[in-house]
Amino acid sequence: MPSQEIHTVMQASATAFEAFRKLSANHRATFLDAIAEGLENAGDALLELASSETNLPIPRLRGEMGRTCFQLRMFAKEIRNGHWVEAIIDHAMPDKNPPAPDIRRMRIPLGPIVVFGASNFPFAYSTAGGDTASALAAGCSVVIKQHPAHPQTSNRVFEIIQQAIKKTNMPAFVVQHVEDKGFATGQGLVQHPASAAVGFTGSYAGGMALVNYAHERKHPIPVFAEMGSTNPVLLFPGALTDDASGIAEKYAGSITLGMGQFCTNPGLLLAIDSPALVDFEQALARNIEKIAMAAMLHPGIEKAYITKTREALAQKGVTLITQADKNVVDENPVACIARISANDFLENPMVHEEIFGPWSLMVVCKDAGEMLACRQAVAGQLTTTIMANNNDLATFGPLIDSAVYNAGRVVFNSVPTGVEVCNAMVHGGPHPACTDSRFTAVGPLAIQRWTRPVCWQNAPAELLPPELQEENPLGIRRLVDGVLIS
Ligand code: NAP
C-alpha cells in the first residue's frame with residue numbers, strides 16, 4: 001500500500017479516536033454488543049466461508065464464534081461497570097508537613113491501535129477478535145491488518161463492524177481494515193506517527209519484526225505480540241504410575257487437537273525415566289496412531305510444519321516414537337511424537353523451539369536435577385503443566401515452584417489447550433512467548449494493554465473526568481484515601 005494511503009488511514013484513525021474516546025462507556029458498549037449481534041445474525045454462511053479459507057471444521061468455528069461474541073459482550077459489560085479505569089483518589093492533606101496535594105488517577109486509552117489478526121483464530125483473534133474488542137472497549141480506534149490466510153472472512157466480518165458503526169452512530173473510521181498483503185504495509189502502519197500501540201498474534205519472526213519497527217520510531221510505542229510457546233509438561237513418576245494410559249489418552253488428544261494449531265499445544269513433555277514412563281510412551285503412541293489427520297490452516301503453515309519436523313528428527317539423539325498415519329507421504333503433515341535424552345536436549349537449543357502443529361518431543365531425564373535443568377533451559381512460555389500426584393507434589397516441590405517463573409499459566413493435572421475467557425485468566429508469559437509478560441491477551445484485563453495511567457494533581461473539579469469527580473456520578477469502584485469503595 002502506498003505510504004500516502006497508509007497516512008490517510010492513520011490520520012482518519014487519529015480523528016476518529018478523538019471523537020470515540022469522548023463517548024460514554026455505555027455508548028461504546030452498545031457498539032460492541034451490536035458487532036456481536038451482527039456476527040450472530042451472519043449465521044452459518046459466515047462459518048462456511050471461514051471453513052473454506054482455513055480448513056477448520058464448522059463445529060470448531062461455531063465454538064470460536066460463540067467465544068468471539070462472548071468476548072465482545074464481556075468487554076461491553078466491563079466498561080459499563082467502569083472498574084477497568086482503576087480510579088484512585090488521594091485527597092489533599094493540608095495539615096501534613098509538607099502539605100500533600102490532591103491526586104487522582106485513572107487509566108485512559110492510548111490512541112489508534114494497529115491489530116494483526118491470527119491465522120489460527122479467524123474469528124476470536126482476528127478482525128473482530130479479542131485485540132479489536134479490548135482496544136475498542138478501552139476507547140481506542142483500531143486499524144486491522146487483514147490476515148492473508150482468510151481475506152474473505154476478514155472482509156465479511158469488517159462489513160458487519162461497519163454496519164454496527166452505522167447502527168450505533170460511531171465515528172465512521174473508528175475501525176478500518178487494510179487488505180494489502182506485504183510486510184511494507186505492516187511496517188508503514190506500525191511506524192506511522194499516529195499509531196499508539198500494536199496487537200499481534202503469529203510467528204516469533206513476525207512479532208519481533210513489529211517490535212523492531214516500533215523501536216525504530218522517533219517515539220517508540222508498545223507492541224503486545226503473542227508468539228511461540230512449547231508449553232512444557234512436567235510428567236512426574238507418581239502420576240504416571242497411577243494412570244499412564246489415562247494421561248496418555250488425554251495428551252494424544254491435546255497434541256493433535258485442531259491439527260496442533262494452538263499456541264497452547266503441549267510441544268514438550270519432560271519426564272524422569274521409569275517403567276511407568278515406558279507404559280506412558282507406549283500408550284501415547286497407540287493413541288496417536290488412531291488420530292485422523294486433516295489439512296492445516298494454510299500452505300505456509302503446512303510447509304513450515306513439515307520442514308521443521310524433518311529438521312527436528314534429524315537432530316542428534318532425536319528418535320521418532322511414532323506418527324499418526326504411517327502411510328502419509330512426505331508432502332503431507334502428520335502428527336509425530338519423538339524422544340530425546342535430557343543430555344542431548346540440553347546441548348541443542350534448536351530442539352527447544354516451537355514446532356507449530358501436531359508435534360511433541362518427550363525429553364527423558366535421569367532424575368529431578370536433569371528435569372529442573374531442562375525446565376530452566378526453555379525460555380518464557382504461555383503455560384507450564386504439572387502432572388503430579390500428592391506424593392510427587394511433596395517430593396518435587398522446588399521443581400514445581402520453579403514452573404511459575406517461566407510461564408503465564410501453570411496448569412495442574414490437565415492439558416494446556418483450552419483457554420478459558422474469565423477474569424483471572426493470564427494468557428501471556430515471558431519472552432519469547434510474548435513481548436510483554438505484564439499483560440494478558442485473554443479475559444477482561446486484556447483491556448489494560450491499550451491504556452495508560454494518568455494522574456491529575458490539584459485539578460479544578462470541573463476539569464476532572466466523571467470517574468474521578470468527588471460525587472462519583474458513574475458509581476464505579478474506587479480506592480479513596482486507601483479504602484476500596486464499591
Ligand atoms: P505470521 O507469518 O507471523 O504473520 C502474521 C501477520 O503478521 C501477517 O499479517 C503478516 O503480514 C504479518 N507479518 C509477519 N511478519 C511481518 C514482518 N516482518 N513485517 C510486517 N508484517 C509481518 O503468522 P502466520 O501466517 O499466522 O503463521 C506463521 C507461523 O506463525 C506459524 O507457522 C506459527 O509458527 C506461528 N503462529 C503462532 C501463533 C500463536 O498463537 N503464537 C498463531 C498462529 C501462527 P502479511 O499479511 O504481509 O503476510
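How large a share of the accessible area of the stretch 363-439, in percent, is made up of carbon and sulfur atoms when the probe is 1.4 Å and the other protein chains stay in place?
Reported share for carbon and sulfur atoms: 55 percent.
Would you tell me the accessible area of residue 290, worked out with a 1.4 angstrom probe on the heavy atoms of the protein chains, in Å² to the nearest 10?
150 Å²
Quick one: which residues, 5 or more positions from residue 411 or on another chain, have an amide H under 5 Å from its amide H? H modelled 1.01 Å from N in the peptide plane, none for Pro or chain starts.
Correct list: 384, 385, 386.
Please report the spacing between the Cα centers of the stretch 153-183 and the stretch 348-375 in Å, no decimals.
Each part reduced to its Cα centre gives a spacing of 43 Å.
Would you please classify the overall shape of the stretch 111-226 from the alpha carbon gyration tensor, given that a ≥ b ≥ c denote the square roots of the eigenvalues, rounded means a/c under 1.5, and beyond that prolate means a/b larger than b/c while oblate covers the rest?
Oblate, since a/c reaches 1.5 and b/c is not below a/b.
Over all directions, average the projected area of the Cα convex hull of the stretch 1-149 and note it in nm².
Projected area, direction-averaged: 11.9 nm².
Counting other Cβ atoms within 10 Å, keep those with at most 12, restrict to DSSP loop, and tell me which trypsin sites (Lys or Arg not before Pro) in the stretch 377-486 are left.
Answer in residue order: 438.
What number in nm² do you get for the chain if you take the convex hull of its Cα atoms and divide its surface by four?
Working: hull surface 103.0 nm².
The Cα convex hull of the chain, projected and averaged over all directions, gives 25.8 nm².
Around residue 93, which amide H atoms from residues at least 5 apart in sequence, or from another chain, sit under 5 Å from its own amide H, with H modelled in the peptide plane?
Under 5 Å from the amide H of residue 93: 100.
Suppose R0 equals 56 Å; then what is the FRET efficiency for residue 347 and residue 41 from their Cβ-Cβ distance, rounded to the nearest 0.05?
0.50
Pop out the ³J(HN,Hα) list for the stretch 223-233 in order, Karplus 6.51 cos²θ - 1.76 cosθ + 1.60 with θ = phi - 60°, rounded to Hz; leave Gly and Pro as x.
In residue order, the calculated couplings are 10, 9, 10, 9, 10, x, 7, 9, 6, x, 10 Hz.
Whole Å is fine, so just give me how far the alpha carbon centre of the stretch 200-262 lies from that of the stretch 35-56.
26 Å
All other residues with a Cβ under 14 Å from the Cβ of residue 356 taken together, and with Lys, Arg as +1 and Asp, Glu as -1, what is their net charge? Can you show the working numbers first?
Working: positive: 303, 308; negative: 226, 302, 311, 353, 354.
Summing Lys and Arg as +1 and Asp and Glu as -1 gives -3.
Would you grab the residues whose amide H sits under 5 Å from the one on residue 269? Only those 5+ places off in sequence or on another chain, please, with H modelled 1.01 Å from N.
Result for residue 269 returns 233, 361, 362, 363.
Report the calculated FRET efficiency for residue 26 and residue 470 (r = Cβ-Cβ distance, R0 = 22 Å), to the nearest 0.05. All intermediate terms of the calculation are to be shown ahead of the outcome.
Working: r = 21 Å, r/R0 = 0.97.
Efficiency for this residue pair is about 0.55.
For the chain, what is the relative contact order in percent, using Cα pairs closer than 8 Å and at least 6 residues apart in sequence?
Reported relative contact order: 18 percent.
What residues of the stretch 287-311 lie in the reach of a label at residue 325, counting those whose backbone N is under 20 Å from a point 7 Å from the Cα along Cα→Cβ?
Residues passing the 20 Å test: 287-310.
Please give the calculated 222 nm ellipticity per residue for the chain, where each DSSP H segment of at least 4 residues contributes -39500 (n - 2.57) and the sum is spread over every residue; nearest 500 deg cm²/dmol?
Values: 14 runs with 199 residues, N = 486.
Theoretical 222 nm ellipticity from helices: -13000 deg cm²/dmol.
Classify the stretch 371-427 as rounded, prolate or oblate from the Cα gyration tensor: take a ≥ b ≥ c as the square roots of its eigenvalues, call it rounded if a/c is under 1.5, otherwise prolate when a/b beats b/c and oblate if not.
Verdict is oblate for the stretch 371-427.
Taking the highest mean first, how do the peptides 337-344, 362-369 order by number of other beta carbon atoms within 10 angstrom per residue?
Result, highest mean Cβ count within 10 Å first: 337-344, 362-369.
Where Rh is the Kirkwood radius over the Cα pairs of the stretch 273-357, the temperature 4 °C and the viscosity 1.567 mPa s, what D in µm²/s does Stokes-Einstein return?
It comes out at roughly 93 µm²/s.
How far is the Cα center of the stretch 286-307 from the Cα center of the stretch 121-149, in Å?
Answer, in whole Å: 27.
So what is the accessible area of the chain per residue, in Å², with the probe set to 1.4 Å?
I get 42 Å² per residue for the chain.
Does the stretch 313-425 come out rounded, prolate or oblate by the C-alpha gyration tensor, with a ≥ b ≥ c the root eigenvalues, rounded set by a/c under 1.5 and, if not, prolate when a/b is larger than b/c and oblate if not?
Numbers: a/c = 1.98, a/b = 1.34, b/c = 1.48.
Since a/c reaches 1.5 but b/c is at least a/b, the shape of the stretch 313-425 is classed as oblate.
Please identify the trypsin sites (Lys or Arg not before Pro) of the stretch 217-264 that satisfy two criteria: DSSP loop assignment and at most 14 other Cβ atoms within 10 Å. Which are they?
217, 218
Using 0.36 nm times the number of residues separating residue 404 and residue 212, minus their current alpha carbon distance, what extension gain do you get?
Residue separation times 0.36 nm, minus the Cα-Cα distance, leaves 66.3 nm.
For the stretch 322-418, which GluC sites (Glu not before Pro) are in a loop by DSSP, counting at most 15 other Cβ atoms within 10 Å? If you can, show how the numbers build up before the last one.
Numbers: sites: 331, 347, 353, 354, 370; in loops: 331, 353, 354.
For GluC sites (Glu not before Pro) across the stretch 322-418 that sit outside H, G, I, E and B with at most 15 neighbouring Cβ atoms in 10 Å, the list reads 331.
How would 481, 325, 95 line up by accessible area, probe 1.4 Å, largest first?
95, 481, 325
With both partners inside the chain, how many of the DSSP beta bridges are antiparallel, as a percent to the nearest 5?
Numbers: 19 of 60 bridges.
That works out to approximately 30 percent antiparallel.
The values are calculated or read from the model by the stated rules, or taken from the named source; none is laboratory data. Treat the numbers as computed from the prediction; the structure is a model and nothing was measured. All Cβ positions, glycine included, derive from the backbone under ideal geometry; neighbour counts span all protein chains shown. Note: accessible area is taken over every heavy atom of the protein model, side chains too, but ligands, DNA and RNA are not part of it. Shrake-Rupley method; radii C 1.70, N 1.55, O 1.52, S 1.80 Å.
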